[in-house]
Amino acid sequence: MIDSPETWPGQPYPLGATYDGAGTNFSLVSEIADRVELCLFEADGTERRIEIEEVDAYCWHVYVPAVGPGQRYGYRVHGPWDPAAGHRCNPNKLLLDPYARAVDGEVDWDQACFGYDFGDATSRNDDDSAPHVPKGVVHNPYFDWGHDRAPAKPLHETIIYEAHVKGFTANHPDIPEALRGTYAGLAHPAAIDHLVSLGVTAVELMPVHQFVHDHHLLDRGLRNYWGYNTIGFFAPHNGYAASSDGDQVQEFKTMVRSLHEAGLEVILDVVYNHTAEGNHLGPVLSFKGIDNHLYYRLVPDDPFHYYDTTGTGNSLNARHPRSLQLIMDSLRYWVTEMHVDGFRFDLASTLARQFHEVDRLSAFFDLIQQDPVVSQVKLIAEPWDLGDGGYQVGNFPPVWSEWNGKYRDTVRDFWRGEPATVPEFASRLTGSSDLYESDSRHPVASINFVTAHDGFTLADLVSYERKHNIANGEGNRDGESHNRSWNCGIEGPSDDQKVIELRGRQQRNLLATLMLSQGVPMLLAGDEIGRSQAGNNNAYCQDNEVSWLNWDKPDTELLAFTRDLIALRRKHPVLRRRRWFQGRPIRGTADIGWFGPDGTEMDDNDWDSGFAQAIAFVLNGDAIRGRDSRGHRVVDDSFLVMFNGSDEDIKWTVPEPVHGPWQIVFDTARPSGGVALKPKTKLSVRARSVVVYLSENDTAR
């Protein structure tokens, strides 16, 4: 470090720290600041302060020729301190650059991290926070992407695998110990081989933006495992870096390049709805001290407090142009510089609250729609938040897909034996046209899932009816209490062979339903090998064996079944149509027919029957004639699929085959095999099972 580094005026854009090969340009937005100091840190913690003198359009900027990659830095912002008016500037608090591309260190939760003295939220604390908070790191943007090319898998051909960088690799015996739990570990051939052999096409990573471990969790010996506590929207989380030099940016890019080489897309779970600074009792780490009004929504008549629709203490001010710019700049950065293929937006309804209500015409949606980069990648909304009117399943604009919470609930209800579920179950199987068709969207608008990170795993869904979250230290009050689960007769682990067999069958039923449904299936990591969290349905703080995948004791039969299911879906376009079913003859051919156990097509009385718990459909492979996304003519085999959600065996009269004789594909209640079925044969369909037959179409060969 030069004692008195030379400085030049620099440029207001781009924001953040930008290394150009000779020096670094620094730019920070603050509308409220009176003065801004750039703070440069040496390895021993020595701090050098540079007064930033240039301001354009509220961008405080300076160019420092002597600064290059690896330099740790932060800001001190001088401005008004008036919490009652919503102003929280305090130059004694070192502030992380909102645009930092890399971050070094963690929050140690010293008193100095807070703007007030404990016990008096209206007081002012002037302790220097620099030794206790993370710093930004100037990074080298140059990387050899080689021949990297986005897989660009069409949505109707996509199968998503929701995974955690650490949890997926932390216990993997074939990954070197030094790489477990890291980006490099996920890029290891052993990890990629599992994903490729499973057949998924995209990995949806739980939050990898730089996040903070909550103080109250650390006090209980826990950590924020899930990572929904972002403090840096441009930086890959440093805790997942294996690199000895801490260059998490290069390691993340290497991971993406490796996954792309294997044909796998990378989707990021992003948390733009709030930050780790919490409410008025939270720390001052970045946004609060830079410009509180700009970055956060404050209570209109009481700006001392934060307007919160996320349940985390604050909500990002998505109606301010600079906050919106932060979100859009971050999204573009991850696409253009980090080569990711899409995003899943946590609590996306919060971002659409232009004022109070969720608004399809909000500025956030407009910017996404108009952006030539972001609008072209996969965009998935978690279509709810915790505010009034926040549940918005089916109401996002046409460019979006959505986590279909109604799909999850309906499928769970059907298989746990709830009455009057057949009509809605049929709708969910066929893509949920009742939710998405009216605004020109297609079945791919529905991201179908039965389990996700939040809630029971698949194995626990069929083993527990109550949450068991005592290990979280919150008196079992946290987590969802209405899980729509069924324990198959005994709560928790059992050595009863009938219960064990039924649980295995139920897992196969749920997986089969997922892969036979129109839309985009999402599989939770570990469900394919029978992962359990011992009934914990809110393991957000369990950075341990509770949440990590157990590779030593996989359910190999379930894994093989899941692989076969995915292969079946990928082979047959009739199982992943691009357009809606019509349910009536088009050019003389019907695309789908619904049948009851008597083998005749269902009528209104059948649909209105509140006690029916079984349904079948025939998919006509001739009825998808046309061209796929690559221009190839599409014709497929036909399928007969029977769902028996009741607790009794059913004698099912087999309908006429579409082409050749019906041939068994699988039966979740019996090993694969069997002979061709003749029409009008009475087939015994076991209680709580799925049976699938195929009728070969010679023209599809």
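The values are calculated or read from the model by the stated rules, or taken from the named source; none is laboratory data. Quick caveat, the model's predicted, so the values are computed rather than measured. Quick reminder, even Gly has a Cβ in these numbers, built from the backbone with ideal geometry, and neighbours come from all protein chains shown. Note: accessible area is taken over every heavy atom of the protein model, side chains too, but ligands, DNA and RNA are not part of it. Shrake-Rupley method; radii C 1.70, N 1.55, O 1.52, S 1.80 Å.
Quick notes
- Residues that are outside any loop (DSSP other than H, G, I, E, B) and touching a residue at least 60 places away in the same chain (Cβ under 8 Å), drawn from region 173-189: ALA178, LEU179, TYR183, ALA184, LEU186
- Search result, residues across region 46-60 that are open to solvent by less than 70 Å² (accessible area, probe 1.4 Å) and either in a loop (DSSP other than H, G, I, E, B) or of a type in the set (A, V, I, L, M, F, W, C) (or both): THR46, ILE50, ILE52, VAL55, CYS59, TRP60
- Selection within region 61-78 - closer than 28 Å to TYR296 by Cβ and open to solvent by 20 Å² or more (accessible area, probe 1.4 Å): ARG72, HIS78
- Any hit, region 457-466, residues being surrounded by 17 or more Cβ atoms within 10 Å (Cβ to Cβ) and over 28 Å from GLY535 (Cβ atoms): no
- Selection within region 543-599 - of a type in the set (S, T, N, Q), open to solvent by 50 Å² or more (accessible area, probe 1.4 Å) and more than 11 Å from ILE529 (Cα to Cα): GLN582
- Those residues of region 36-70 which are among the aliphatic types (A, V, I, L, M) and touching a strand residue (DSSP E or B) at 6+ places or on another chain (Cβ under 6 Å), in sequence order: VAL36, LEU38, LEU40, ILE50, ILE52, VAL62, VAL64, VAL67
- Residue count, region 490-528 (criterion: under 22 Å from the mean Cα position of the chain (by Cα) and surrounded by fewer than 20 Cβ atoms within 10 Å (Cβ to Cβ)): 0
- Every residue from region 224-260 that is open to solvent by 10 Å² or more (accessible area, probe 1.4 Å) and at positive phi: GLY246
- When each of ALA130, ALA85 is tested for being buried (at least 16 other Cβ atoms within 10 Å of the Cβ) and within 22 Å of ALA33 (Cα to Cα), the lone residue that passes is ALA130.
- Contacts under 7 angstrom Cβ, first residue in region 142-161 being of a type in the set (D, E, K, R), partner open to solvent by 50 Å² or more (accessible area, probe 1.4 Å), 6 or more apart: ASP148/ARG257
- Test: residue in region 296-304 that is under 20 Å from the mean Cα position of the chain (by Cα), surrounded by fewer than 24 Cβ atoms within 10 Å (Cβ to Cβ) and of a type outside the set (D, E, K, R): no
- Of the criteria (1) more than 30 Å from ARG35 (Cα to Cα); (2) in contact with a strand residue (DSSP E or B) (Cβ under 8 Å, 6 or more places away or on another chain), which one ALA102 fails: (1)
- Among the candidates ALA66, ALA17, ALA22, ALA43, the residue that is of a type in the set (Gly, Ala, Ser), in a strand (DSSP E or B) and farther than 17 Å from GLY289 by Cα is uniquely ALA17.
- Tabulated pairs, region 497-519, first free of Cβ contacts under 8 Å to residues at least 60 places away in the same chain and more than 21 Å from ARG578 (Cα to Cα), second of a type in the set (Val, Ile, Thr) and surrounded by fewer than 20 Cβ atoms within 10 Å (Cβ to Cβ), C-beta under 7 angstrom, 6+ apart or interchain: VAL499/ILE490
- Residues of region 357-402 classified as in contact (Cβ under 8 Å) with a residue 40 or more places away in the chain, closer than 20 Å to THR312 by Cα and crowded, with 18+ Cβ neighbours inside 10 Å, total: 4
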